[in-house]
1. From the C-alpha coordinates alone, can you work out the Kirkwood hydrodynamic radius of the chain, in Å?
2. Do any trypsin sites (Lys or Arg not before Pro) in region 121-218 lie in a loop, going by DSSP, with at most 10 other beta-carbon atoms within 10 Å of their beta carbon, and if so which?
3. Evaluate the distance, in nm, between pseudo-label points positioned 7 Å from the Cα of Val251 and of Ile147 along their respective Cα→Cβ axes.
4. Give me D for region 59-166 in µm² s⁻¹, whole number, from Stokes-Einstein with Rh from the Kirkwood sum over alpha-carbon pairs, 37 °C and 0.692 mPa s.
5. Over 27 Å between C-alpha atoms is what I'm after, so list which of Lys25/Lys246; Lys25/Lys268; Lys246/Lys280; Lys183/Lys210; Lys25/Lys253 land there.
6. Counting other C-beta atoms within 10 Å, which of Lys282, Lys253 has the fewest, and how do the rest follow?
7. At 222 nm, what helix-only mean residue ellipticity would the chain give, in deg cm²/dmol to the nearest 500, using -39500 (n - 2.57) for each DSSP H run of four or more?
8. Give me the Kirkwood hydrodynamic radius of region 115-256, using the inverse of the mean 1/r over all pairs of distinct Cα atoms, in Å to one decimal.
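Values quoted throughout were computed directly from the atomic coordinates according to the rules given, and no laboratory measurement underlies them. Keep in mind that what you see is a predicted model, and the values were worked out from it rather than measured. As a convention, Cβ positions derive from the backbone with ideal geometry for all residues, glycine included, and neighbour counts pool all protein chains shown.
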Amino acid sequence: MELIETVELKILSEEATSETFDAWKTYLNEAKWGWLVIEPAITSLAVDSKVLEVGAGSQALTAQVASRGMTVTAIEPSSVGFSIMKTLGEKVHALSYEAGIQYEIIDTTGEQFDEVEKFDFAFSINVMEHVQDVNAVLGNVVASLKIGGSYQFICPNYLFPFEPHFNVPTLINRRLTNLFIRKVAIRLSKASDPEGLWSSLNWISVRQIKKWAKDYESISVEFSNRSLEMYASRAITDQIFIDRHKFIARVFKGLRPIMFLVIRKLPKVMSPFIDVTITKPK
């Protein structure tokens, strides 16, 4: 059993009657899915590689990567919209320490992070849509990579007219969506702090990343639909995900006969999810 599954089992069995049980169950389930996303990249690294996680969240994914022998540093500020995440992270950290797994958590933002050519690999799962300054964070993370290192992240693509945290459609731009959709989305949300969560969204897009990359001649940027294929699969098999995203699950189920053909042909710029790897070539 992977460390991430062991931690999940222990925490959920101990907190079955807790008011935060459902939220923690969701966060840990997302961490398990995140591990499937980055596992191929982690497996390709040398055991003593230095890895950066941008946005540690529950720390379950942080601990999982550290359990593979990596030296892991994670940045995680106290973020609005995720007030119950800190306690879960503390529990995961304590359990990991008991198991002999250690990693470093730095209380800072991606905008303030300041390291140069230190890491072999960096990653984040559903974090980049919450940072205040996308360009600054991308620049800082890329600066922290060694030559030959890469940064892989996934997050929603706001060129696609759907907001997955609130399961609502979006309009032409952020201003119109705030005007006509925001109040309903917040009222119907089951998030612990829907106002804070909505305010944290920055509307990142594939187009924005491509525009940012034009100022960096020494990097390569590769977009993929692999995570979208994985989302499609979990929309059929992952009950926790299905319960949270009923509309998305129905869409993928309806498209099932031609789903993967559609996904593979879908232009990356219009994919619901950004799945990108930014590399500093050797």
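1. Values: mean 1/r = 0.0514 Å⁻¹.
Every distinct Cα pair counted, the radius reaches 19.4 Å.
2. Numbers: sites: Lys146, Arg174, Arg175, Arg182, Lys183, Arg187, Lys190, Arg207, Lys210, Lys211, Lys214; in loops: Lys190, Lys214.
Those satisfying the criteria are Lys214.
3. Placing both labels 7 Å along Cα→Cβ, they lie 4.4 nm apart.
4. Details: Rh = 15.1 Å.
For the chosen part, D equals 217 µm²/s.
5. Values: Lys25/Lys246 17 Å; Lys25/Lys268 31 Å; Lys246/Lys280 39 Å; Lys183/Lys210 32 Å; Lys25/Lys253 24 Å.
Over 27 Å apart, Cα to Cα: Lys25/Lys268; Lys246/Lys280; Lys183/Lys210.
6. Details: Lys282 7, Lys253 13.
Result, fewest neighbours first: Lys282, Lys253.
7. Details: 13 runs with 130 residues, N = 282.
That comes out to -13500 deg cm²/dmol.
8. On the way: mean 1/r = 0.0592 Å⁻¹.
About 16.9 Å, per the Kirkwood formula over Cα pairs.
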